[in-house]
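K.L.:
Handing you this structure, nothing more for now.
Please treat every number below as a calculation from the coordinates, not as lab data. No experiment lies behind these values; they were computed from the predicted model shown. As a convention, Cβ positions derive from the backbone with ideal geometry for all residues, glycine included, and neighbour counts pool all protein chains shown.
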Amino acid sequence: MCKALSNLFGSEAEEYYLLECMSYLMIFMAAVTFLVLLFENVPYGRYATSKYGFPVNARFAWFVQELPALVVPVLLLLTASSARASYLPNQLLLAMYLLHYFQRSLIYPFLIRGGKPTPFLSFVMAFLFCVYNGYLQGRYLSHFAKYPADWIMHPCFIIGFLMWLLGVLINVHSDHILRNLRKPEETGYKIPQGGLFEYVSGANFLGEIVEWAGFAVATCSLQSAAFAIFTSVVLSSRAVSHHGWYLQKFEDYPKSRKALVPFLL
């Protein structure tokens, strides 16, 4: 695979330049997405609509669309020609990224209870993004990222790792709370209780934002920063939309809760 990539992109310098361009493009996409989401919700889940294509089973959609973010980096790592793939900092950072998508593609979809079908366009866009980002993060960390041998003792790595771990715990716990609001075969919505849901409507989104922000701090790379920015834009919008939806749907929804940041936003 690495030989094929070399033939496709030319020299390593040219491929590294490509990764930088892909990162800036992702930041640009984040800006465009921010503007679009001021007028339109991301069309999946409770905001799904037929105008974005025929419905795809929720479990199937989550499994297939998230899988490239796991498979592409693993293939890049297994076929990496650079010695950097064997360095401990690179391996740990890749493991942080892969652990999320292992859970998101191979565990999370099969725990879904009564999830609404995903419109085909949303499914395709998510799939393409995971291919794109899987290559961007996987190729950079397995082939180009340069870290000193003691990087894992650097404050950036330690702080970033702790943020990432906190985000993972919040995200997984919040998903657990949401999933258990529904009994088997139920499809309706209820007010989430417990955990950070006592303070914000988008506790699961907050967890993932913190997770990828921590990953960006730990890697100190343009590639991970672009991903963190894009994720923050999409999930922040999702949290604000959910908050407004809850307030409209449930008269007894706790008025003290914020959308995303406890006590602030």
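K.L.:
Quick check: pseudo-label points 7 Å beyond the Cα along Cα→Cβ at R179 and V36, how many nm apart are they?
P.N.:
Using points 7 Å along Cα→Cβ, the separation is 2.9 nm.
K.L.:
Considering only the other residues whose Cβ falls under 14 Å of the Cβ of R104, what net charge follows from Lys and Arg at +1 and Asp and Glu at -1?
P.N.:
Taking every other residue near R104 into account, the sum is -2.
K.L.:
Output the peptides 160-169, 80-89 sorted from most to least packed, where packing is the average of other Cβ atoms within 10 Å over each peptide's residues.
P.N.:
160-169, 80-89
K.L.:
If I histogram all Cα-Cα distances within the stretch 1-249 using bins 10 Å wide from 0, what percent of pairs lands in each bin?
P.N.:
For the stretch 1-249, the pair-distance distribution reads 7, 29, 37, 20, 7, 1.
K.L.:
Given points 7 Å out from each Cα along the Cα-Cβ axis, report the W245 to I107 separation in nanometres with one decimal.
P.N.:
Here the modelled spin labels are 2.5 nm apart.
K.L.:
Quick query: amide H of V56 versus all other amide H atoms, modeled in the peptide plane; which residues come in under 5 Å with a sequence gap of 5 or more or a different chain?
P.N.:
Answer set, sorted by chain and number: T118, F120.
K.L.:
Once phi is turned into θ = phi - 60°, what whole-Hz ³J(HN,Hα) does the Karplus curve with 6.51, -1.76 and 1.60 give for every residue of the stretch 216-229, x standing for Gly and Pro?
P.N.:
For the stretch 216-229, the Karplus curve yields 5, 5, 5, 8, 6, 10, 4, 4, 6, 5, 4, 5, 5, 5 Hz.
K.L.:
Okay, next question. Below 8 Å between Cα atoms, with a sequence gap of 6+, how large is the relative contact order for the stretch 1-249 in percent?
P.N.:
Contact order relative to length: 27 percent.
K.L.:
Give the angle, between 0 and 90 degrees and rounded to the nearest 10, that separates the Cα long axis of helix 88-106 from the longest principal axis of the Cα atoms of the chain.
P.N.:
The two axes meet at around 40 degrees.
K.L.:
Would you please give the residues with an amide H less than 5 Å from that of V200, counting only those at least 5 places away or on a separate chain, with H modeled from the backbone geometry?
P.N.:
K258
K.L.:
As I understand it, the value is the acute angle between the Cα axis of helix 120-139 and the longest principal axis of the Cα atoms of the chain; what does it come to in degrees, rounded to 10?
P.N.:
30 degrees
K.L.:
For the stretch 60-74, just list the computed ³J(HN,Hα) in residue order, Karplus coefficients 6.51, -1.76 and 1.60, θ = phi - 60°, integers in Hz, with x standing in for Gly and Pro.
P.N.:
Residue by residue, the stretch 60-74 yields 4, 4, 5, 4, 6, 5, 8, 4, x, 5, 8, 6, 4, x, 5 Hz.
K.L.:
OK, next. Could you tell me how far the Cα centroid of the stretch 26-77 sits from the Cα centroid of the stretch 134-181, in Å?
P.N.:
21 Å
K.L.:
When ranked by the protection proxy of mean other Cβ atoms within 10 Å per residue, highest first, what sequence do the peptides 71-78, 219-226, 144-151 form?
P.N.:
Result, highest mean first: 219-226, 71-78, 144-151.
K.L.:
For the stretch 111-117, just list the computed ³J(HN,Hα) in residue order, Karplus coefficients 6.51, -1.76 and 1.60, θ = phi - 60°, integers in Hz, with x standing in for Gly and Pro.
P.N.:
Running phi through 6.51 cos²θ - 1.76 cosθ + 1.60 with θ = phi - 60° gives 9, 4, 10, x, x, 5, x Hz.
K.L.:
At 222 nm, what helix-only mean residue ellipticity would the chain give, in deg cm²/dmol to the nearest 500, using -39500 (n - 2.57) for each DSSP H run of four or more?
P.N.:
So the helix-based figure for the chain works out to -21000 deg cm²/dmol.
K.L.:
If we sort 207-216, 122-131, 23-32 on the protection proxy, mean other Cβ atoms within 10 Å, highest first, what's the order?
P.N.:
Top to bottom by mean Cβ count within 10 Å: 207-216, 122-131, 23-32.
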